[in-house]
Amino acid sequence: MKQRVITAILALIVFLPFVIIGDLPFILFIYLLATIGLMELLRMRGISLVSIPGLIGTIGIWLVLLPDKSTLFSIEFLSITNMLTVIILFLLAYTVLVRNKFTFDEAGFVILTALYVGIGFYFLIETRLGTNGFSNILFAFFIIWATDTGAYFVGRALGKRKLWPDISPNKTVEGAIGGIVTACIVAVIFHLVHPFPHSMLIVIIVTIFASMVGQVGDLVESAFKRNYGVKDSGKLLPGHGGILDRFDSLLFVLPFLHLIQFI
C-alpha cells in the first residue's frame, strides 16, 4: 500500500502540470501515454511495437488522437478517414505478404487495440481543449477515484457476493455499489463547489451511470489480462502496473460523458 501511495503521488506530480497547462504540451503528453498503452496491449499478444504491425498500429492511434478530424495539410485525400482506411487495408494485406505468419486475428487485434486506446485518450484531449476542460477532467478523475476507493473499502468490509469471479475474483457486488455511492457523494460536493449547467438530480444520475461505466472499463482491462495470463498491463508504475491499469476506467468514462453531452 505504501508503494502504491508513493507512486500515485509521484504520478500526480507529473500528470497534473500537463493538465493545468493544456494545449500542445498536454496533447503531446497524451500521445506519449496512448502510445505506451498501445505497446502494453500489443505486448500481451506478443507483438512488438518495433515491428511492421506495431508501427502501423502506432500511426493509426496517432491519427485517431488528432484533435482536428477534417484533413491534414488541407489536402482532401489526406482526410483521417482515408488514411485510416489505407492503414487497415495495408495491415490486412500484410498478412498475405508474410504468408500468414502474421494472422488475420492479429491484424484485427492491432486495429481494435488502436481504436480502443485511441478513442479513450482522444476524448481526454477533447475534454481538456473544450469549455471548462480542466474542471471536467477533474470531475471525471474524481468520479473514478471515488468509485475505486469506495469499492475497495466497502468490498473489504461488507463484500460477500462476487461481482464477476471469472474476470476479477476480488470484486464484489457490495463493493461495486459502495463505489457508486461514494462517487455520488463526491459528485454532489463537486457540483456544490463548481456547479455544472445541470440540476443536482441530473448530476447524480449521470454519476451513477458514469461510475458503472468506469467499472465496466476496469473489468474490460481485467478480461484482457486474464485472457493473456498477465497480472498487470505493464510495470511503468510500481504498485499500480501499467498505463492502462490506471486509465482503463477513464477510457470508458470520458467517451460516455461526451456521448450523452454532459460535458
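Where a number appears in this text, it was derived from the coordinates with a stated rule and is not lab data. Remember, predicted model here, so these are calculated numbers, not experimental data. No Cβ is skipped: glycine too gets one built from the backbone with ideal geometry, and neighbour counts run over all protein chains shown.
Taking only the alpha carbons of region 153-203, what extent do you get along each of the three principal axes, in Å, biggest first?
Here the Cα extents, ordered largest to smallest, are 41, 20, 13 Å.
For region 132-263, which semi-axes, largest first and in whole Å, follow from the square roots of 5 times the eigenvalues of its Cα gyration tensor?
26, 17, 12
If we count other beta carbons within 10 Å of each Cβ, what is the order of M39, M200, fewest first?
Starting with the residue having the fewest Cβ neighbours, the order is M200, M39.
Convert each backbone phi in region 250-263 into a coupling constant with the Karplus relation 6.51 cos²θ - 1.76 cosθ + 1.60 (shift: θ = phi - 60°), then list the ³J(HN,Hα) values in order as whole Hz, x for Gly and Pro.
5, 5, 9, 5, 5, x, 5, 5, 6, 5, 8, 6, 7, 10
Student exercise: in the chain, how many lysine pairs 8 or more apart or on different chains have Cα atoms under 18 Å apart?
Count of close lysine pairs: 6.
Need one number: nm distance between label points at D23 and L129, each 7 Å from Cα along Cα→Cβ, rounded to one decimal.
1.4
Between 0 and 90 degrees, rounded to the nearest ten: what's the tilt of helix 80-97 against the longest Cα principal axis of the chain?
Computed tilt is about 60 degrees.
Sorting H198, H258 on the 10 Å Cβ count, fewest up front, what's the list?
Starting with the residue having the fewest Cβ neighbours, the order is H198, H258.
Report ³J(HN,Hα) in whole Hz for each residue of region 197-213, in order, from the Karplus equation J = 6.51 cos²θ - 1.76 cosθ + 1.60 where θ = phi - 60°; Gly and Pro get x.
x, 9, 6, 4, 4, 4, 4, 5, 4, 4, 5, 4, 5, 5, 5, 5, 4
Provide the net charge surrounding L158, with neighbours chosen by a C-beta distance below 14 Å and charges set as Lys +1, Arg +1, Asp -1, Glu -1.
+4
I need the P(r) histogram for region 1-129: all alpha carbon pairs, bin width 10 Å from 0 out to the longest distance, whole percents.
12, 36, 32, 15, 5, 0
Going by C-beta contacts inside 10 Å, put K231, K171 in order with the fewest on the left.
K231, K171
Highest GNM mean-square fluctuation, the chain, Cα pairs closer than 10 Å: which of A187, A114, A157?
Among A187, A114, A157, the largest mean-square fluctuation in the Gaussian network model of the chain belongs to A157.
If you scale each eigenvalue of the Cα gyration tensor by 5 and take the root, what three semi-axes come out for region 68-193, rounded to whole angstrom and sorted largest first?
Semi-axis lengths for region 68-193 are 40, 26, 6 Å.
Can you tally the net charge around L41? Count Lys and Arg as +1, Asp and Glu as -1, for every other residue whose Cβ sits under 13 Å from the Cβ of L41.
-3
Below 13 angstrom from the Cβ of S51, what's the summed charge of the other residues (Lys, Arg +1; Asp, Glu -1)?
Counting the neighbours of S51, the net charge comes to +2.
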